[in-house]
Amino acid sequence: MALFLFLTQEKSAQSITTSTPIPSSRAPLQTPIETPIPTATSNSLISTTLTLSIPSTATVNQEVILSSTLKDSNQQPISHETINYTAISPNGTEQTIGTAITESNGLSSIPFVPLQAQIYQIEANYAGNTIYSPCVDSQYLSVTALTSNQTGIKQIPTMITLTLSSSKINTQTSVTIFAALENNNEDPLSQESLIFQSSMDGITWSNITAATTGVDGVAQANYTPQQTGTLLIRAVFNGDLYYLESTSNQETLVVSNGTN
């Protein structure tokens with residue numbers, strides 16, 4: 001009887017015994033989190049600016065240096081990018097100057113030898129990539145022939161008469177600028193390049209565009225101002241091998257906001 005009770009108690013004790021897991025000192029494994037590398041998508045390209053720097057004048061067959069600086073939206077220089085340089089004649093003909101690579105300061109430079117006495121529009125173009133957006137900048141380069149002191153040829157005086165199609169417009173319309181170039185005998189001068197300029201104070205002038213005179217000696221261009229106020233308009237001829245430079249009269253253009 002005593003033996004039966006002992007066996008029964010031992011069996012009952014075994015039946016209620018549970019195994020307690022031994023806590024592990026090793027931390028559970030975690031799946032590593034990968035940090036994504038930021039990339040720009042086609043809808044979120046980093047904006048860029050390109051600032052072209054060129055001389056305002058040059059002489060035929062003499063080398064000038066064209067340069068530009070590429071920066072991002074934070075005004076930080078962008079290096080190792082290709083900049084394309086182009087020269088555009090007044091008749092629209094494009095001449096590829098070449099390409100240059102930006103340095104650590106975002107600057108690129110390239111030489112240019114103009115072959116004709118005319119006003120070139122120099123354009124610097126950045127095509128962009130998968131990170132940076134494209135951008136472009138342009139400036140005018142007035143190229144003249146050798147002066148009379150250099151060639152011994154006596155240059156003939158010139159004069160320009162400027163007129164406007166209207167003296168009052170608004171920012172939604174344009175005005176046509178006419179400039180007639182003549183020599184001192186009042187003969188019209190054709191195939192000469194003129195620069196149209198505007199100013200708010202008559203001191204600082206900004207280039208509007210360039211145009212070439214026709215057989216009647218007249219060059220013209222349409223102009224749509226982007227700001228309101230009173231502007232002064234003029235035309236400039238930088239001269240060439242045979243003709244002296246000249247500046248036209250100034251015409252006043254009042255620009256209002258909205259319709260007249």
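The values are calculated or read from the model by the stated rules, or taken from the named source; none is laboratory data. Because the structure is a prediction, the values reported are computed rather than measured. Note that each Cβ is placed from the backbone with ideal geometry, even for glycine, and that neighbours are counted across all protein chains shown.
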So residue 155, is it of a type in the set (S, T, N, Q), crowded, with 16+ Cβ neighbours inside 10 Å, assigned by TED's automatic domain parsing to the domain that holds residue 246 and in contact (Cβ under 8 Å) with a residue 12 or more places away in the chain = yes
Would you check which residues across region 168-204 are hydroxyl-bearing (Ser, Thr, Tyr), surrounded by 13 or more Cβ atoms within 10 Å (Cβ to Cβ) and either farther than 29 Å from residue 228 by Cβ or modelled with pLDDT of 90 or more (or both) and list them?
-> 173, 174, 190, 193, 198, 199
Here the qualifying pairs (Cβ atoms under 9 Å; residues six or more apart or on different chains; first in region 123-144 and among the β-branched types (Val, Ile, Thr) and modelled with pLDDT of 95 or more; second buried (at least 16 other Cβ atoms within 10 Å of the Cβ) and part of a strand (DSSP E or B)) come out as 136/50; 136/52; 136/123; 136/124; 136/125; 136/126
Over 17 Å from the mean Cα position of the chain (by Cα) and of a type in the set (A, V, I, L, M, F, W, C): does that describe residue 136?
-> no
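Inside region 214-260, can you point out the residues that are of a type in the set (D, E, K, R) and closer than 17 Å to residue 177 by Cβ? Before you say what the answer is, go through the steps one by one.
To start, the set of residues in region 214-260 that are of a type in the set (D, E, K, R) comprises 216, 234, 240, 245, 251.
Scanning region 214-260 gives 216, 234, 251.
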Could you count how many residues in region 202-260 are of a type outside the set (Lys, Arg), farther than 17 Å from residue 89 by Cα and in contact (Cβ under 8 Å) with a residue 12 or more places away in the chain?
-> 39
Give region 235-246 a look and list any residue that's farther than 14 Å from residue 210 by Cα and either of a type in the set (A, V, I, L, M) or modelled with pLDDT of 85 or more (or both), or say none.
-> 241, 243, 244, 245, 246
Could you check, for region 113-127, whether at least one of its residues is at negative phi and either in contact with a Gly (Cβ under 7 Å, 6 or more places away or on another chain) or in the same structural domain as residue 234 (by TED's automatic domain parsing) (or both)?
-> no
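So, of the residues in region 76-130 that are of a type in the set (Asp, Glu) and outside any loop (DSSP other than H, G, I, E, B), which turns out to be surrounded by the fewest Cβ atoms within 10 Å (Cβ to Cβ)? Talk me through it step by step, then tell me what you get.
Taking region 76-130 as the starting set, the residues that turn out to be of a type in the set (Asp, Glu) are 81, 94, 103, 123.
Next, only the ones that are outside any loop (DSSP other than H, G, I, E, B) stay: 94, 123.
Working: 94: 11, 123: 20.
Checking each candidate, the answer is 94.
Does region 205-218 contain at least one residue that is outside any loop (DSSP other than H, G, I, E, B), at pLDDT 95 or above and buried (at least 20 other Cβ atoms within 10 Å of the Cβ)? Walk me through how you get there before you give the answer.
Narrowing region 205-218 to residues outside any loop (DSSP other than H, G, I, E, B): 206-212, 218.
Applying the additional criterion that residues be at pLDDT 95 or above yields 218.
With the extra rule that they be buried (at least 20 other Cβ atoms within 10 Å of the Cβ), the set shrinks to none.
Checking region 205-218: not a single residue is outside any loop (DSSP other than H, G, I, E, B), at pLDDT 95 or above and buried (at least 20 other Cβ atoms within 10 Å of the Cβ).
Filter region 219-230 down to residues that are assigned to a loop (DSSP other than H, G, I, E, B) and at pLDDT 90 or above and give me whichever is farthest from residue 248 (Cα to Cα). First the steps, then the outcome.
In the first step, residues of region 219-230 are kept if they are assigned to a loop (DSSP other than H, G, I, E, B); the result is 224-228.
Cutting the leftovers down to at pLDDT 90 or above gives us 224-225, 228.
Values: 224: 20, 225: 20, 228: 23 Å.
If we take residues in region 219-230 being assigned to a loop (DSSP other than H, G, I, E, B) and at pLDDT 90 or above, then 228 is farthest from residue 248 (Cα to Cα).
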